[in-house]
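Each reported figure results from applying straightforward, stated rules to the coordinates on display, with no laboratory input. A quick note: this is a predicted structure, and the numbers were derived from the prediction, not measured. In this analysis, Cβ positions are derived from the backbone assuming ideal geometry, glycine residues included, and neighbour counts consider all displayed protein chains.
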Ligand code: GRF
């Protein structure tokens, strides 16, 4: 069965494209049926349009969180979305939003969580002086980058790294990790036990 996936993003959308391309290549029983953004000018929306994928611009400015989230949830429900992939979506989801798609919301974060949640993860990693960083795909709970981990991929941090050079190295791994995580969740038996995603 092909899972209907909705992508939420705020910016350039390279992780959305990586997911889309991996689905096109086969092996992930899923299809992106909607790309929604909280910023009308998000480059990711334009890319979705070019690919013929349905889009919704749902700006949050001037709306209370609940009112905005109700619009986003309504758009996802209209598109009959079963899985939600956050791909650079710069909004924290409320418990109500998370409850609308229980254990069906994924996020990707550019650090090895639980290290460096929140904004500017690559700056945080450099500031801390870690020698290894990476990315994490996790199920979303109501906390900040705190849900059960599905896939992580690591990269070295070099002495001459800047936030940009580290971000670029991590992004290459993000584009592998996100499709891998979705593939695994859609093609294996799994359950959440405490904080752990247990496969098989
Ligand atoms: C990625 O680094 C992702 O980990 C973070 O936001 C960035 C989004 O990049 N959550 P893109 O829009 O997918 O290119």
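A few remarks follow.
- Counted residues, region 35-68 - those being touching a helix residue (DSSP H, G or I) at 6+ places or on another chain (Cβ under 8 Å), part of a helix (DSSP H, G or I) and more than 17 Å from residue 23 (Cβ to Cβ): 1
- Single match in 169, 191 (criterion: more than 17 Å from the chain's Cα centre (by Cα), part of a strand (DSSP E or B) and free of Cβ contacts under 8 Å to residues at least 24 places away in the same chain): 191
- Checking region 20-28 against the condition returns no match, with no residue being in contact with a strand residue (DSSP E or B) (Cβ under 7 Å, 6 or more places away or on another chain), within 23 Å of residue 71 (Cβ to Cβ) and within 13 Å of the ligand (Cβ to nearest atom).
- Lone unmet requirement of (1) within 10 Å of the ligand (Cβ to nearest atom); (2) assigned to a strand (DSSP E or B) for residue 15: (2)
- Flag if residue 87 is surrounded by 21 or more Cβ atoms within 10 Å (Cβ to Cβ), under 28 Å from residue 73 (Cβ atoms) and in contact with a strand residue (DSSP E or B) (Cβ under 8 Å, 6 or more places away or on another chain): yes
- Among the residues here, residue 30 does not qualify as closer than 17 Å to residue 178 by Cβ, surrounded by fewer than 21 Cβ atoms within 10 Å (Cβ to Cβ) and touching a helix residue (DSSP H, G or I) at 6+ places or on another chain (Cβ under 6 Å).
- Some residue of region 42-60 being within 16 Å of the ligand (Cβ to nearest atom), surrounded by fewer than 22 Cβ atoms within 10 Å (Cβ to Cβ) and in contact (Cβ under 8 Å) with a residue 60 or more places away in the chain: no
- Residue, farthest from the ligand (Cβ to nearest atom), within region 1-12, restricted to residues that are in contact with a strand residue (DSSP E or B) (Cβ under 7 Å, 6 or more places away or on another chain) and not in a strand (DSSP E or B): 2
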